[in-house]
Every structure is written in structure tokens, then in C-alpha cells.
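> The structure's right below; bear with me while I get my questions together.
The values are calculated or read from the model by the stated rules, or taken from the named source; none is laboratory data. Computed from a predicted structure; not experimentally measured. All Cβ positions, even for glycine, are placed from backbone atoms using ideal geometry, and neighbour counts span all protein chains on display.
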Amino acid sequence: MTPDEYCREKTQQSSSSFYYSFLFLNDSQRQAMTALYAYCREIDDVVDECTDPFVAGNTLNWWRDEIHETFHGTPNHPLAIALKTAVNNYPLQEKYFIELISGMEMDLHNNQYASFNELSLYCYRVAGTVGLLTIEILGYTGADTSEYARNLAISLQLINILRDVKEDAQRGRIYIPQDELVKFSVRKYMLMSHSNTPETLNLFRFQADRALVYYEKAFSALDKKDRYAQRTGIIMAEIYFALLKKIQDQQYPVLEKRVSLAKFKKLWLAWSAGRREYKLSQQLLYHSAN
């Protein structure tokens, strides 16, 4: 198995949402994005699948060394070898790969966050850094596009937290800030029940509203000239926004089931968003020429 085949297999084992957003990439971008996402999955699996925190911590430290070799030497792991190709092709910064490891490491030491200020650091490390790496692969010119990437990634992470709230609570992790649980009179056992109460509904609405605020902040910062280049991220946002809307429309059934979108729905969203962004890019070119 080649390094790139390893990465493709790693990504195929997890979310299909990324597959649909990758449809509009060229070969070099697809290789880099697949390696990046596989890296995210690999690091996440270290924390999720290792039952001994000491072993998990040592493994994450090994990955720090492997990332150093990816940028400054010769890596050994097939995933890191694939990443080195991406690093050679795009201006990816080593610090973001290390920050991602630090974010995953937070899961080894924190089962809950006291406030959103603490949670926002976690979201930046595990998601914002990925957004900042992604825009380098896709290409951009706008000065505020990095702000778009950071805020969009945090928005998507907040949607993940809402969708997975029960599953995470059952594993002993609560990503909803503790002060907000107190504010809405929600206890931990309520997050592991099979149905909502007025308290959990109000809490979940509050979380959804915050995700939308970050979503809107992201797109208000995205330069029109960068939209077509960044259409892969926009497609991902469309899919996640549709997921959030489904959760809202169904009155937040996240304690009853895992809410998801059908594959056909994701494909339709990807095609529609890609077509829309192409039309917008052509209009922009027309107005620039005239």
C-alpha cells in the first residue's frame, strides 16, 4: 500500500462529507487534502482508541517528532510521507500541525470545559488549524480569508459537538461549557437520556445559535475573489449547515439518534454549491472586464 493509498483508506473509513467536497479539486489538491484529513483522523484515533492516557500521550509526542521530520527530515509513517508531498507542494505551516496535536492532547486531560473561552481554544486547535491549512491548499488572495477559515472551522466543530453531544457524554466527555449547563439547569445525566426536556432544548438552541454566529462571521470575511478557489470549504459548509438545519427543524433530536444526511442529499448539495460558485465566478470576471 502506497502512502497516498493509506490516506485514502483512512478517509474512507470515516466521514463521507469530505468526499463530496473533494470532488472539485485537482489531483495535487486532492492528494494534499486527503493527506491532511487522514492526519486529522490518525491523531484523533490516538485519543479515542487508546485506553491508557500515558500511552496516548507518548504516541502524540511521537507524532510531534514525525511532523518535525516531515518538515525538516525524512518521515517514517506512510501518512507523514504523504504529508511531505503536500508540504512540498503548498505553503503549509508546521505550527498548525503541532497545534492540532496539542488540541487532541487536551482530550487526555479535560473531560469538560468551564467556559466557552476555554472551549474556543480547543475548537481553534482541533478545527481552526485545519481550516488555516486548507486555505493554503485551495489558494487565496484576500487578507481576511484566514479569518473566514478559522471561523468556519470553529462553526463546523460546534455543529459536531451538538450532533454528538450524547455520544460524547456517554464516553465521559462534555464539550458544552460547564457554566452554560448551569445557566440552563442541565445536568450531565440529562445529556445521556433518550429525550429532551425544556432545559436541554433551550441549551441546544443556544449552541446552534452560536454555531450560526461563527458561520456568518466566516462568510462575511470571505473575499468574493476567493470564493471559487475556496469552493471546497464552501461545499463542506453547505453540508454542515444543512445538517444543522435538519437538527433544528426536527427540534434537536440529538439525544434520541445521530442526525445525518443521506448520501444523495450531500451529493446534491455539493453539485449545487459548486455550480453556484462557478456562476458567481463568471459574473465576477464579467464585471471585472467591463
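> Can you pull out the residues in segment 102-131 that are among the hydrophobic types (A, V, I, L, M, F, W, C) and buried (at least 20 other Cβ atoms within 10 Å of the Cβ)?
Matches in segment 102-131: M104, L119, C123, V126, A127, V130.
> Do any helices (runs of 4 or more DSSP H) entirely within segment 165-265 hold 2 or more residues that are in contact with a Gly (Cβ under 7 Å, 6 or more places away or on another chain), and if so, which?
By residue number, 231-249.
> While we're here: Answer yes if at least one residue in segment 56-65 is surrounded by 18 or more Cβ atoms within 10 Å (Cβ to Cβ), of a type outside the set (A, V, I, L, M, F, W, C) and within 23 Å of M33 (Cβ to Cβ), and no otherwise.
no
> Please go through segment 24-69 and give me each residue that is within 25 Å of Q230 (Cβ to Cβ) and polar (S, T, N, Q), ordered by number.
Correct list: N26, S28, Q29, Q31, T34.
> Something else about it: Hey, any hits in segment 101-120 for a residue that's farther than 23 Å from D179 by Cα and modelled with pLDDT of 95 or more?
Scanning segment 101-120 turns up at least one residue that is farther than 23 Å from D179 by Cα and modelled with pLDDT of 95 or more.
> Follow-up question, since we're still on this one. Filter segment 126-164 down to the residues that are hydroxyl-bearing (S, T, Y) and assigned to a helix (DSSP H, G or I), then identify the one that is farthest from L25 (Cα to Cα).
Taking segment 126-164 first, the residues hydroxyl-bearing (S, T, Y) are 129, 134, 140-141, 145-146, 148, 155.
Pick out the ones that are also assigned to a helix (DSSP H, G or I) and you get 129, 134, 145-146, 148, 155.
Working: T129: 20, T134: 12, T145: 19, S146: 20, Y148: 20, S155: 23 Å.
Residue satisfying both the conditions and the ranking: S155.
> Is segment 51-63 home to any residue that is farther than 18 Å from M106 by Cα and at pLDDT below 95?
Step one: filter segment 51-63 for residues farther than 18 Å from M106 by Cα, giving none.
Looking for residues that are farther than 18 Å from M106 by Cα and at pLDDT below 95, one finds none in segment 51-63, hence no.
> Only residues in segment 64-79 that are in contact (Cβ under 8 Å) with a residue 40 or more places away in the chain and in the same structural domain as D44 (by TED's automatic domain parsing) count as the first member; pair them with residues that are of a type in the set (A, V, I, L, M, F, W, C) and surrounded by 17 or more Cβ atoms within 10 Å (Cβ to Cβ), Cβ under 9 angstrom, at least 6 apart or cross-chain, and list the lot.
So the pair list comes out as P78/C7; L79/C7; L79/A35; L79/A38.
> Note down all Cβ pairs under 6 Å where the first residue falls in segment 184-209 and is at pLDDT 95 or above, the second is of a type outside the set (S, T, Y) and assigned to a loop (DSSP other than H, G, I, E, B), and they're at least six residues apart or on different chains.
E199/F184; E199/V186; T200/V186; N202/F184; L203/F184; L203/V186
> I've got another one for you. Scanning segment 49-62 for residues that are free of Cβ contacts under 8 Å to residues at least 40 places away in the same chain and in a helix (DSSP H, G or I), which turns out nearest to H77 (Cα to Cα)?
W62
> Quick check, is Y215 at positive phi and surrounded by 15 or more Cβ atoms within 10 Å (Cβ to Cβ)?
For Y215, the condition - at positive phi and surrounded by 15 or more Cβ atoms within 10 Å (Cβ to Cβ) - is not met.
> Restricting attention to segment 176-205, and to residues there that are of a type in the set (F, W, Y) and over 20 Å from the mean Cα position of the chain (by Cα), which single residue is surrounded by the fewest Cβ atoms within 10 Å (Cβ to Cβ)?
Once the filter is applied, the top-ranked residue is Y189.
> Only one of (1) β-branched (V, I, T); (2) crowded, with 20+ Cβ neighbours inside 10 Å; (3) under 30 Å from T134 (Cα atoms) fails for V259. Which number is that?
Against the list (1) β-branched (V, I, T); (2) crowded, with 20+ Cβ neighbours inside 10 Å; (3) under 30 Å from T134 (Cα atoms), V259 comes up short only on (2).
> Would you confirm whether or not segment 17-40 contains a residue that is in contact (Cβ under 8 Å) with a residue 40 or more places away in the chain, of a type in the set (A, V, I, L, M), farther than 25 Å from K263 by Cβ and not assigned by TED's automatic domain parsing to the domain that holds A153?
Looking through segment 17-40, none of the residues is in contact (Cβ under 8 Å) with a residue 40 or more places away in the chain, of a type in the set (A, V, I, L, M), farther than 25 Å from K263 by Cβ and not assigned by TED's automatic domain parsing to the domain that holds A153.
> Right, something else. Hey, can you tell me all the residues within segment 160-175 that are touching a Leu at 6+ places or on another chain (Cβ under 7 Å) and crowded, with 22+ Cβ neighbours inside 10 Å?
Correct list: V165, Y175.
> Report yes if K84 is part of a helix (DSSP H, G or I), under 17 Å from the mean Cα position of the chain (by Cα) and surrounded by 15 or more Cβ atoms within 10 Å (Cβ to Cβ), otherwise no.
Working: part of a helix (DSSP H, G or I): yes; under 17 Å from the mean Cα position of the chain (by Cα): no; surrounded by 15 or more Cβ atoms within 10 Å (Cβ to Cβ): yes.
No, not satisfied.
> Next question, about the same structure. Taking segment 262-272 on its own, how many of its residues are surrounded by 14 or more Cβ atoms within 10 Å (Cβ to Cβ) and farther than 14 Å from L243 by Cβ?
Total satisfying the criteria: 2.
> For D107, all conditions in the list (1) farther than 30 Å from I235 by Cα; (2) outside any loop (DSSP other than H, G, I, E, B) hold save one; what is the number of the exception?
(1)
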